[in-house]
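The values are calculated or read from the model by the stated rules, or taken from the named source; none is laboratory data. Keep in mind the model is a prediction, meaning the values are calculated, not measured. We place every Cβ from the backbone using ideal geometry, glycine too, and count neighbours over all the protein chains shown.
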Amino acid sequence: MKQLRIYIMLWATMVVVASCNHQQQSQADAGTQPTYVANHVDSLVTIGLDTLNLDQKMLLIDSLEKAGQLSGVRADNLRGILYYELGKPRFEEYYYKRALEHQVKNDEDRHFRYVSAAALVSVYMMKSDYEDALRLGLSIIDEMKNTSQGSDMVMAKIYNCIGSAQLSLGRQSEAEASFEKAYDYGLSQAKTKLDRSTQEAVANDVCNIAIYYLNAHQYNEAPLWLNRVEELTDSYAKLPDADPDYVDDLRGRVYLYRAVVLENGKRHAEAAEAYNKCLKTKFGKSLDGLYDATDYLMPAHRYTEAADNFKLLDRMLAEWGIVPSLDNIQQYMFPKFKANAEAGRKDSAIAMGFKILDALDTAIVAQKRSDAAELATIYDTQQKETEIARQQAQIANKDYEISRQRNIGLIIAIVLLLVFFAIYTMARRRAAQRLANMRAVQERIESELRIARDIQMSMVPHEFPQREGLDLYASMTPAREVGGDLYDCLLLDDSLYFCVGDVSGKGVPASLFMAQATRLFRALAKQHMMPATIATRLNDELAENNESGMFVTMFIGMLHMQTGHLDFCNAGHNPPAIGGGQSHGEFLKMEPNAPIGLWQGLQYEGEEIANIKHRALFVYSDGLTEAEDLQQNQFGEKRLLDLLQNTRFDSAQQVIETLKAEVEVHRNGAEPNDDLTMMCLMVK
């Protein structure tokens, strides 16, 4: 659940500049000394930050600081703001720390010291450094109370961060007290300043407190804060310049977050009602609303709706400017994977899994590069500033210092060059050795997988029963080196036993499960059992000690060659298609049975067709209907049935080869996303 982030440093600076004249007048009326008075420098800084590029902004700040128009405290505060805007938290943290290290010379310095401290506490919270956030936040609060200076809004924001840190550390009673203080200070500011920006800032802070409790799964505490958000929203809506879209956004969030609270409290009907109210708002239909709605849909087990909402994830990430990082992958991509998996969209879940793997690789490399670049730049900045200070302090010995620094720099450069060369040489050797080891391991794995594929393919028949009047052909194409699909057929006297199955998952685990299922099917068929009995016995054997939770869907049939009578049992598999009839082909309508291998003790129901002579029977796995093209459009059951109805039956092999060709045309270069197995038979 995303927080309504109010960036302390930006907000506080804007409020100070905008309200300084009002403060000066009101304090003068009261006979007190104003804490901060605006001047032409404020106007110059405000215009510069709005219009200049980064280099020009930095040059402006440096020039004003050197001219004595900006103090060191305020200059470093502004630098921290600029690096926040660039999304570089290391630089942001560095300059806010520097702002706190300057000597405070007047009320203006003290004000920007408190603003910088509030910003630094927020930075600590964003990187989950709760101890430092508490240490700095509590010390600044004490300092502000002792000096009787600092705005209520800054106090509110620091207490807000302190409460969040305490809640994250499991100190719930302390967090409640801190949140109440944040609320009191914010409410005090809201009552004295009725401008729109202040009202929005207070409402957002209170909404964030509700979100903190929801993220911590403290569902009993969240309703109080949601009620307060609702009260603040109603008050804000009465302002003459109130933004109706902002009012809609807050009300939509309140409805949605209440739905989350009610759902986790097992009050499902009330939760659904609150969620329906959210859907009627603009927020509920927005990208943010659709994404946040998954926090309700997932615990409500409405996985299909959640998965549909997650279809917008790529578009949302692009609009928010979010690039792959470890935090973003965990926050945005993992829930999409779970939603598709729980919704039964296994191919979409698997595709998302591969996207997560790719994104993880990109994020890890980017993180390392970003960290190294930031640290190197910070180090370089520190070195330059230290050198400037040293030269200013020892200006009398300038020539000597320059010569001395050159010699030291030359020695350091030579040492660094030697160290770099040694490290580079060692790294190259280690990398070459690792690469050689990886290639050897890869070649061994590929060799073993080729052997496994050959073994697996040898387990399914490639020569089919030959008997007058019988035309049977089957094909299996794994999506990877080894797969989880299976088919089998054997002719026992006048009975033809056959099956097609699809094991959950792919790769080596699925192939092992497939081998076991194939072996058991053959053993049971040779005992002349009925298909339903075979399914029941298979389920009991495969479900025993099945800790991995794997299963197989199967269609099992027994065809009486003399009469054309078909006995069959469908265990959670795709319905086969049968030719003939008025429609020239249709999907069989069958009783539902559970997949095989999940629960022991199930009794599977069998069915029968009196005579299928002269009618082609086509059995397949979902790798056919769910085959995807480059745009992830599926082949589909409708296209399959149209092809079967309009394809002349010359032979079973001809039907299967035709469909394989149609699937390749549909994929149009896309990699197979699932194993593909087909069987076609006809008795004349």
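Assorted remarks:
- Within segment 30-61, tally of residues that are modelled with pLDDT of 75 or more, part of a helix (DSSP H, G or I) and in contact with a helix residue (DSSP H, G or I) (Cβ under 8 Å, 6 or more places away or on another chain): 6
- Number of residues in segment 277-289 that are of a type outside the set (Val, Ile, Thr), more than 20 Å from residue 224 (Cβ to Cβ) and surrounded by fewer than 22 Cβ atoms within 10 Å (Cβ to Cβ): the value is 8.
- Looking across 671, 637, 662, 657, one residue alone is among the acidic types (Asp, Glu) and closer than 16 Å to residue 576 by Cβ. It is 637.
- Conditions (1) part of a loop (DSSP other than H, G, I, E, B); (2) closer than 29 Å to residue 468 by Cβ: number failed by residue 593: (2)
- Matching option when the condition is buried (at least 16 other Cβ atoms within 10 Å of the Cβ), small (Gly, Ala, Ser), out of contact with any strand residue (DSSP E or B) (no Cβ under 6 Å at 6 or more places or on another chain) and at negative phi, among 627, 594, 616: 627
- Selection within segment 596-636 - hydrophobic (A, V, I, L, M, F, W, C) and more than 30 Å from residue 469 (Cα to Cα): 596, 598, 599, 602, 627, 630, 635
- The number of residues in segment 635-649 that are among the polar types (S, T, N, Q) and crowded, with 16+ Cβ neighbours inside 10 Å comes to 1.
- Checking every residue in segment 239-246 against the condition of being crowded, with 22+ Cβ neighbours inside 10 Å, of a type outside the set (Asp, Glu) and either within 21 Å of residue 161 (Cα to Cα) or at pLDDT below 95 (or both) gives zero matches.
- Pick from segment 94-108, criterion part of a helix (DSSP H, G or I) and at pLDDT 90 or above, ranking: surrounded by the fewest Cβ atoms within 10 Å (Cβ to Cβ): 101
- Residue, farthest from the chain's Cα centre (by Cα), within segment 600-636, restricted to residues that are part of a loop (DSSP other than H, G, I, E, B) and hydrophobic (A, V, I, L, M, F, W, C): 610
- Checking each residue in segment 214-244 for being in a helix (DSSP H, G or I) and more than 29 Å from residue 264 (Cα to Cα) picks out 235, 236, 237, 244.
One line per residue, one yes/no per condition, for (1) in a helix (DSSP H, G or I); (2) modelled with pLDDT under 85; (3) closer than 28 Å to residue 226 by Cβ; (4) not assigned by TED's automatic domain parsing to the domain that holds residue 216:
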position	(1), (2), (3), (4)
266	no, no, yes, no
270	yes, no, yes, no
275	yes, no, yes, no
315	yes, yes, no, yes
341	yes, yes, no, yes
344	no, yes, no, yes
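- The set of residues from segment 116-164 being touching a helix residue (DSSP H, G or I) at 6+ places or on another chain (Cβ under 9 Å), farther than 19 Å from residue 77 by Cβ and not in a helix (DSSP H, G or I) comprises 127, 128, 129.
- Here residue 611 does not qualify as touching a helix residue (DSSP H, G or I) at 6+ places or on another chain (Cβ under 8 Å) and either surrounded by fewer than 15 Cβ atoms within 10 Å (Cβ to Cβ) or closer than 24 Å to residue 498 by Cα (or both).
- A single member of 61, 140 is of a type in the set (Val, Ile, Thr) and either without any contact (Cβ under 8 Å) to a residue 12 or more places away in the chain or under 27 Å from residue 192 (Cβ atoms) (or both), and it is 140.
- Pairs are defined by a Cβ separation below 8 Å, a sequence spacing of at least 6 or placement on different chains, a first member in segment 655-684 that is on the phi > 0 side of the Ramachandran plot, and a second member that is not in a helix (DSSP H, G or I); the pairs so defined are 668/629; 668/630; 669/630.
- Qualifying residue in segment 597-611 (condition: in the same structural domain as residue 541 (by TED's automatic domain parsing), touching a Ser or Thr at 6+ places or on another chain (Cβ under 9 Å), under 19 Å from residue 678 (Cα atoms) and modelled with pLDDT of 90 or more): no
- Checking each residue of segment 225-239 against the condition of being under 23 Å from residue 130 (Cβ atoms) and touching a residue at least 40 places away in the same chain (Cβ under 8 Å) gives at least one match.
Per-residue answers, yes or no, for (1) in contact with a Ser or Thr (Cβ under 7 Å, 6 or more places away or on another chain); (2) within 28 Å of residue 651 (Cα to Cα):
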| position | (1), (2) |
| --- | --- |
| 472 | no, yes |
| 476 | yes, yes |
| 484 | yes, yes |
| 487 | yes, yes |
| 490 | no, yes |
| 498 | no, yes |
| 502 | yes, yes |
| 506 | no, no |
| 513 | no, no |
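- Residue within segment 65-88 that is outside any helix (DSSP H, G or I) and surrounded by 19 or more Cβ atoms within 10 Å (Cβ to Cβ) present: yes
- Selection count where residues are outside any helix (DSSP H, G or I) and either not assigned by TED's automatic domain parsing to the domain that holds residue 578 or not acidic (Asp, Glu) (or both), scope segment 642-672: 8
- Checked against (1) modelled with pLDDT under 85; (2) under 22 Å from residue 151 (Cβ atoms), residue 87 passes all but condition (2).
- Of all the residues in segment 511-535, those that are of a type in the set (Gly, Ala, Ser) and more than 20 Å from residue 606 (Cα to Cα) number 2.
- Failed condition for residue 176, given (1) over 19 Å from residue 137 (Cβ atoms); (2) in contact (Cβ under 8 Å) with a residue 12 or more places away in the chain; (3) of a type in the set (Asp, Glu): (1)
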